[in-house]
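Single-structure report; data block below.
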Amino acid sequence: MSEPRSIPVTVLASDVAPTDASLVADFTPSLVDVGEHHLCPGCGEPIAIRAVMDAITLHGLADKCVAVFGIGCSTAFSNNLDVEVLQALHGRAPSVATGVVRMRPELAVFTIQGDGDLGNEGLQEVLHAAARGENIVCIMLNNGVFGETGGHLTVTTTIGQRTKNTLDGRDEKQHGHPMRIAELIAQIDGVGYVARGAVNDAGNVARTKRMIVDAFTAQQQGLGLSFVEILTMCPTGWFVPTDEAPDYLAETIAGTHSVGVLRSSLP
Ligand SMILES: Cc1ncc(C[n+]2csc(CCOP(=O)(O)OP(=O)(O)O)c2C)c(N)n1
Ligand code: SF4
Ligand SMILES: [Mg+2]
């Protein structure tokens, strides 16, 4: 029998626990009530929600914001956030947000929808809200699939992307072309700010958070509807291993849906 291996021990300079160390739980943003959720490992949506909450905290808007959630995997967070939340029917979040902001224009009203919810089931809602110049922030989490209902093709699915009902990849002749939602909204008079971010790496998360901050700045300045599309990983719906999803996003999804600021009326 071989001798048991000795396990290396880290020698601390002191027996007293360091005061500047943080546990993982300490990084949970203050506006997220619990750090746990039931979304799939490697899902990008919790990162995006966290970026939104960080932006609201940075703006000091926690006590004067109202979130309107659509229906999708991210709706799981509607019970976890320490801000006022309304639940809209599929695709209708911009219209519900319109009602709220027209009654309470002093509030920072924002929506969170998936690409299926916003782009397939209620595209006209956000387009008309944009054209009316409603002073709201609309966030779209774009993973190119109806994630919650099994990973089917949406209006943003890229050519060649595998989904539950395009197992050989999206084919433009059979399934049509993807729509670029941020570009669609950016050309509407009445919008204050439009950008597309991604959460596949730390740099993009930081840039996306800046975009959300700018969107709320535009909202606070009364510049009309602001829109931030966020590309999020859905390894389950994409049929890719969890650890490959960030690169898959960069190499495929972002090739069609380019990251960047598309329009800004900010001074
Ligand atoms: C009117 C209506 N149609 C369909 C559904 C079923 N449904 C619930 S979530 C969902 C998918 C949402 O996809 P998406 O908006 O892209 O969000 P994701 O789950 O990908 O984050 C669907 C089709 C529903 N709840 N209501
Ligand atoms: S199905 Fe996709 S979007 Fe939904 S929780 Fe899983 S990884 Fe996230
Ligand atoms: Mg989706």
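The values are calculated or read from the model by the stated rules, or taken from the named source; none is laboratory data. Given the structure is predicted, the values throughout are model-derived calculations rather than measurements. Positions of Cβ are backbone-derived with ideal geometry, glycine not excepted, and every protein chain shown enters the neighbour counts. SASA here: full protein model, heavy atoms, side chains in, ligands and nucleic acids out. Shrake-Rupley method; radii C 1.70, N 1.55, O 1.52, S 1.80 Å.
Looking only at residues of region 237-267 that are of a type in the set (A, V, I, L, M) and within 18 Å of the chain's Cα centre (by Cα), we find that the one that is nearest to Gly116 (Cα to Cα) is Ile253.
Scanning region 122-153 for residues that are within 15 Å of ligand 2 (Cβ to nearest atom), surrounded by 24 or more Cβ atoms within 10 Å (Cβ to Cβ) and without any contact (Cβ under 8 Å) to a residue 40 or more places away in the chain yields a total of 0.
The condition of being within 16 Å of ligand 2 (Cβ to nearest atom), in contact (Cβ under 8 Å) with a residue 12 or more places away in the chain and crowded, with 21+ Cβ neighbours inside 10 Å holds for only one of Ala51, Ala97, that being Ala51. Restricting attention to region 159-204, the residues that are within 19 Å of Gly42 (Cβ to Cβ) and within 16 Å of ligand 2 (Cβ to nearest atom) total 7. Could you tell me whether Gln174 is in contact with a Phe, Trp or Tyr (Cβ under 6 Å, 6 or more places away or on another chain), without any contact (Cβ under 8 Å) to a residue 24 or more places away in the chain and of a type outside the set (Val, Ile, Thr)? When the stated conditions are applied, Gln174 does not pass them. Across region 63-83, the number of residues qualifying as more than 18 Å from the chain's Cα centre (by Cα) and within 27 Å of Glu36 (Cβ to Cβ) comes to 1.
Against the numbered list (1) part of a loop (DSSP other than H, G, I, E, B); (2) touching a Gly at 6+ places or on another chain (Cβ under 9 Å), His177 comes up short only at (2). Looking for something in contact with a strand residue (DSSP E or B) (Cβ under 9 Å, 6 or more places away or on another chain), more than 12 Å from ligand 3 (Cβ to nearest atom) and within 25 Å of Trp238 (Cβ to Cβ) - is there at least one such residue anywhere in region 131-143? Scanning region 131-143, I find at least one residue that is in contact with a strand residue (DSSP E or B) (Cβ under 9 Å, 6 or more places away or on another chain), more than 12 Å from ligand 3 (Cβ to nearest atom) and within 25 Å of Trp238 (Cβ to Cβ), so the answer is yes.
Quick check: is even one residue across region 159-171 within 16 Å of Ala93 (Cα to Cα), outside any loop (DSSP other than H, G, I, E, B) and away from ligand 1 (no atom under 12 Å from the Cβ)? Walk me through it before giving the result.
Filtering region 159-171 down to residues within 16 Å of Ala93 (Cα to Cα) leaves none.
Scanning region 159-171, I find no residue that is within 16 Å of Ala93 (Cα to Cα), outside any loop (DSSP other than H, G, I, E, B) and away from ligand 1 (no atom under 12 Å from the Cβ), so the answer is no.
For every residue, the table says whether it meets (1) open to solvent by 10 Å² or more (accessible area, probe 1.4 Å); (2) part of a strand (DSSP E or B).
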{"site": "Asn200", "(1), (2)": "yes, no"}
{"site": "Ala206", "(1), (2)": "yes, no"}
{"site": "Lys209", "(1), (2)": "yes, no"}
{"site": "Ala215", "(1), (2)": "no, no"}
{"site": "Val228", "(1), (2)": "no, yes"}
{"site": "Thr236", "(1), (2)": "yes, no"}
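Here Ala195, Ala250, Ala245 are screened, and the one residue that is assigned to a helix (DSSP H, G or I) and either more than 16 Å from ligand 3 (Cβ to nearest atom) or at pLDDT below 95 (or both) is Ala250.
Being over 16 Å from Gly150 (Cα atoms) and either at pLDDT below 95 or not in a strand (DSSP E or B) (or both) is the filter here; which residues of region 110-120 pass it? If the condition is that a residue be over 16 Å from Gly150 (Cα atoms) and either at pLDDT below 95 or not in a strand (DSSP E or B) (or both), then Leu118, Gly119 are the ones that fit.
Summed over region 50-74, the residues that are out of contact with any helix residue (DSSP H, G or I) (no Cβ under 7 Å at 6 or more places or on another chain) and part of a helix (DSSP H, G or I) give a count of 5. Residue by residue through region 75-89, note down the ones that are surrounded by fewer than 16 Cβ atoms within 10 Å (Cβ to Cβ) and assigned to a strand (DSSP E or B). Hits for region 75-89 are Glu84, Gln87.
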